Structures are given as structure tokens and as C-alpha cells.
1. Could you compute the net charge surrounding B:Asp83? Neighbours are other residues with a C-beta less than 14 Å from the C-beta of B:Asp83; K and R count +1, D and E count -1.
2. Based on the Kirkwood radius over alpha-carbon pairs, what value in µm²/s does the Stokes-Einstein equation return for the translational diffusion coefficient of the range A:6-215 at 10 °C and 1.306 mPa s?
3. List the trypsin sites (Lys or Arg not before Pro) within the range A:115-216 that DSSP assigns to loop and that have no more than 11 neighbouring Cβ atoms inside 10 Å.
4. With every protein chain in place, what's the accessible area of B:Leu201 (1.4 Å probe, Å², nearest 10)?
5. Specify whether the C-alpha gyration tensor of the range A:42-90 places it in the rounded, prolate or oblate class, a ≥ b ≥ c being the square roots of the eigenvalues: rounded for a/c under 1.5, otherwise prolate if a/b is larger than b/c and oblate if not.
6. Is the range B:1-111 rounded, prolate or oblate when judged by the Cα gyration tensor, a ≥ b ≥ c being the square roots of its eigenvalues, rounded requiring a/c under 1.5 and prolate requiring a/b larger than b/c?
7. From the residues B:Ala219, A:Val48, B:Ala205, which one has its Cα farthest along the dipole of the protein assembly as shown in the positive direction, the dipole being from +1 and -1 charges on Cβ of Lys/Arg and Asp/Glu about the Cα centre?
8. Using the C-alpha atoms of the protein assembly as shown, what convex hull volume per residue, in cubic angstrom, is computed?
Amino acid sequence: MSTRSKDEIAAAIARDIAATHPDGAYVNLGIGQPTLVADHLPPGSGVVLHTENGMLNMGPAAHGDDIDPDLINAGKVPVTELSGASYFHHADSFAMMRGGHLDVCVLGAFQVSAAGDLANWHTGAPGAIPAVGGAMDLAIGAKRVWVMMTLFDKQGAPKIVPECTYPLTGLGCIDRVYTDQGTFEVGAAGVRALELCGISAGELAARLAPLTPSVA
Amino acid sequence: MTARVCADHDAAVAGTPDGATVLVGGFGMAGMPVDLIDALIRQGAADLTVVSNNAGNGDTGLAALLATGRVRKVICSFPRQADSWVFDELYRSGRIELEVVPQGNLAERLRAAGAGIGAFFTPTGAGTPLAEGKETREIDGRVHVLEYPIKGDLAMIKAHVADRMGNLVYRKTARNFGPVMATAAATVAVQVDRVVDAGGLDPEAVVTPGIYVDRIVSAEPEVAA
């Protein structure tokens, strides 16, 4: 049993979006790694991608002659439009988030607490320039907010923690965390592993202590 | 006052006073009114507060305005980018103030200013450092934060086509902040790719009605009537 690559994590998220929303879903993928999820959505999933800068039914990245500087995604990467796309202004785009109209949002994270608090916008380090973008709106607005991240940071410290030490993005907003070492539910009932990859239940408990994750 | 088609970009930003709050459209470079920004640089207003999603990319557009040192404060959601070196240097050397606003609050605070809404409660940011010191209220079991409008003295936006009534249509994701900023400033200047006569836009497809627009300037030379 080995750990999962970024693409394998993205594939697991894509699979679960399709499984939990068999009739299609409106989905926002945060900038960075979550955008990989789009590459793994099964054909005919009915998923409509929302981009915060004002578009529904966004298509894949644009290349060559298809690049249009007026058609970009939230990461400012040139993209394409699919049949049935629509454009709208920023207040409408964020009303879609804040008004609870998006089914799933996938975000990156520095830390997620056992209760589902999210920290993903600012390290708080001296000299760091804070930049929040749409993270706080997505965190509180989508019906389901999932995180895609590594389970441990480069120093080996867990990123699922009793309390976030980085500045918060939102309180109690995350329900599921997809990592290289497994998929976890967080929330009022604490941390529950749905699936483990490359780590035993014993090692997980040792490295997440004092958290006491349950294993499904 | 109905919209006026200006002879050039300088006329569209004329009279901007020192200390003005300037709303600048665009998300990155998409929808950024670069020609109006260049005109504002020539016009020379200083001690400005700039409201925009980002804090400049590369060395043109908003970044060029920041580089003049005439911007006292930036209100934006996402200043830090791979190519925001002009802002980064000003910020790190303490020569510019920054107010970071969640992107949805930025859009909604502009919308509130344009719609005559005195303030609104939203769950965005509750419990985070960006809500510190702000009034909160529990509504339907959830903590909400009180947010106030952002009103501009001047809005500079980019649209695709205007008619002579000031009605606007935009292009793809370059629409972004244009329609809300157009409602939220005392004077609204719009740079467009072209101007058509009244009747040249489908009324059903107009995105920004002309009542919000004051000054229009076209990238294409005016055709003599």
C-alpha cells in the first residue's frame, strides 16, 4: 500500500463528486492543485464548473490559437468555454457561492482542524503579504467544502490538527479532507478516516496525537 | 446627466482630484482599463485610494499607476501574485497601505454602494482575522459580520461595446467587476473597443444600462457623423 499522487487524490475527489451527485453538480475548484480534479471527471458526469471571476461551464485550459485574454480562470490561466456556458459579473458570481448555490467546492489548505475549521489564506509569517481572494466566500458558501492537501507538511507535522495555528479562513466549514495518505471526515464528531493510503491506523494515531482518529 | 462620448482618454478622467477613491475594474489583466489608467497617470492626481481585485500585474496598467507613488492605499482581495513586484516592493518598504477584503465582500460592498444599501451582514470572514473589530450578529444560528459599502469618486472600467446612450456589453470573463463598479462611483469612465449608435445594441442583451455611465471613450477613432 503506497501513498497517493496529486493526480490520484484528484481522481478520488472526481469519483466522489460523481458518486454523490449522480444528476450533475455545480462545482468550484480552487486555484492550484484542486484544478486537477477537472481532468478526472468521468465523461457524462454532468458537472458544471464555476469560476469565481464570472463563468459557468468553464472548459479546459486554452492552448495556441484558442487563447483569449478575455477568457481566463480564477488562477488567471486562459481557458475555454463549453456549450451552455454563461458569463456574469463578480457580485453575481459571489452570490452563487455565498447564497449556497454551489454543490461542491474543493480548496487547498495549510491546516484543517478536527472540527472542520480551515486555514488556507495566510501563513501569518513576518513579511508575508496577505491575499485572501475568494477563499473565505467559498469556505462558508458551498454546500460541501472539501480540502485537497498533503496530510503532513514538509517538516512532517500533521495538517489535520486539534486547532489551526495559521490565521483562519472559516469556522467549521470543511466536511471532508482528501490527502496523499487517505480521506478523512472532520466535524463535530472529530476525525474519521474513510480510507488510508500508505499509512497504518496505528501510525496515523501516533502522528495525529493528541487527536484520536477513528478508522472506518 | 446622460453619457458623453469623450474625444480621448484624457478627457474621460479629467478633473480627478487629489485624495480621490478610484475603482479600477479588471481581474488580473482581463477587463483592466489600461488606457484610462495611463490617462490618469498623465492627469497627475495623487494621494489616491485604489479599489481593485488585484494590486497590479507586471509593469503596465494598475502596476504603472502604483509605480508613480501617487497611490496612498490599495483596497483589494488578492495583492500577492507572481508578477505583482511593483506592489510588493511598495508594501514591503512601507510606502503603501493595504486593506485586504474577501473577494465576495469587495463585490458586495461595491454593489451595496451602488444600490443605496447602508450596510449588510454576511457570514464571510466570521471568526477570522479579517472580521476583527467588526460588529457581528447571530442570524439563523450563524455568526454574521457587518460590512459597509465602498463608494468611489471615479470608476474606471473596460467594456466591449457601448452605444451613445452609455449602454454597455462586455466580453467573456473581462466583465468581472465592471457592472458593479459602474454603479458605485460618482463619475464612471468606460473604455470600450467601439461605440455604436443608439439602437446598435440589443436592449435585451445590455448588461450595464446607460444610467450608470458618464464618460465613454473608444479605442477606435470616431467616425464623423
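The values are calculated or read from the model by the stated rules, or taken from the named source; none is laboratory data. Everything numeric here is computed off the predicted structure, so don't read it as measured data. Here Cβ is always computed from backbone atoms with ideal geometry, including for glycine, and neighbour counts include all displayed protein chains. The area values use the complete protein model at the heavy-atom level, side chains included, leaving out ligands, DNA and RNA. Shrake-Rupley method; radii C 1.70, N 1.55, O 1.52, S 1.80 Å.
1. Details: positive: A:Lys76, B:Arg80; negative: B:Asp59, B:Asp88, B:Glu89.
Cβ neighbours under 14 Å give a net charge of -1.
2. Result for D is 90 µm²/s.
3. Working: sites: A:Lys143, A:Arg144, A:Lys154, A:Lys159, A:Arg176, A:Arg192, A:Arg207; in loops: A:Lys143, A:Lys154, A:Lys159.
Answer in residue order: A:Lys154.
4. 30 Å²
5. On the way: a/c = 1.88, a/b = 1.19, b/c = 1.58.
Judged from the Cα gyration tensor, the range A:42-90 comes out oblate (a/c at least 1.5, b/c at or above a/b).
6. Cα axes put the range B:1-111 in the prolate bin.
7. With unit charges placed on the Cβ atoms, the residue in question is A:Val48.
8. On the way: hull volume 69.3 nm³, N = 441.
Roughly 157 Å³ of hull volume per residue.
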